[in-house]
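The values are calculated or read from the model by the stated rules, or taken from the named source; none is laboratory data. Values in this document were obtained by computation on a predicted structure and should not be read as measured data. Backbone-built Cβ (ideal geometry, glycine too); neighbour counts: all protein chains shown.
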Amino acid sequence: MPIIGTFSPAKDGYAGTIRTLTFTARVKFVANDHKPGDGAPDFRILADTYEIGAAWRRIKQGTEESYLRVKLDDPTLPQPIWGALLESSDDGVVRLVWRRDKRDEG
């Protein structure tokens, strides 16, 4: 799975950079403290003041390890990107990984 972003813990979330072939952006994951319902995202993803995505906390099956399921969208993308923000690492770096949905493969 390719790493498309690296982040550090920040107040109320994470801060870092997403880099793909089409864009590079400084991004913040900001805790969504005022969730209107159970299905609402746990984090809003912002580039400057623009919301470019959302993230939901998940637990890796068969473990107690959590991660964030991430959805990014931007007008320059042909469709939204789904990924995972892996919060646990030995070096303290939080990584955003992306994997093409199997339905998109020919």
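For the range 58-70: of the residues being surrounded by 15 or more Cβ atoms within 10 Å (Cβ to Cβ) and without any contact (Cβ under 8 Å) to a residue 24 or more places away in the chain, which is farthest from residue 22 (Cα to Cα)?
Here is the first cut: in the range 58-70, the residues surrounded by 15 or more Cβ atoms within 10 Å (Cβ to Cβ) are 67-70.
Now restrict to residues that are without any contact (Cβ under 8 Å) to a residue 24 or more places away in the chain: 67, 69.
Working: 67: 25, 69: 21 Å.
In this case the residue turns out to be 67.
Each residue in the range 2-57 was checked for being surrounded by 13 or more Cβ atoms within 10 Å (Cβ to Cβ), farther than 23 Å from residue 90 by Cβ and small (Gly, Ala, Ser), and 5 of them qualify.
Conditions tested, residue by residue: (1) acidic (Asp, Glu); (2) at pLDDT below 95; (3) assigned to a strand (DSSP E or B).
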| residue | (1), (2), (3) |
| --- | --- |
| 14 | no, no, yes |
| 26 | no, no, yes |
| 35 | no, yes, no |
| 39 | no, yes, no |
| 55 | no, no, yes |
| 63 | no, yes, no |
| 67 | no, yes, yes |
| 79 | no, yes, no |
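Kindly check whether there is at least one residue in the range 86-104 that is over 16 Å from the mean Cα position of the chain (by Cα), farther than 13 Å from residue 5 by Cβ and in contact (Cβ under 8 Å) with a residue 40 or more places away in the chain. Scanning the range 86-104, I find at least one residue that is over 16 Å from the mean Cα position of the chain (by Cα), farther than 13 Å from residue 5 by Cβ and in contact (Cβ under 8 Å) with a residue 40 or more places away in the chain, so the answer is yes.
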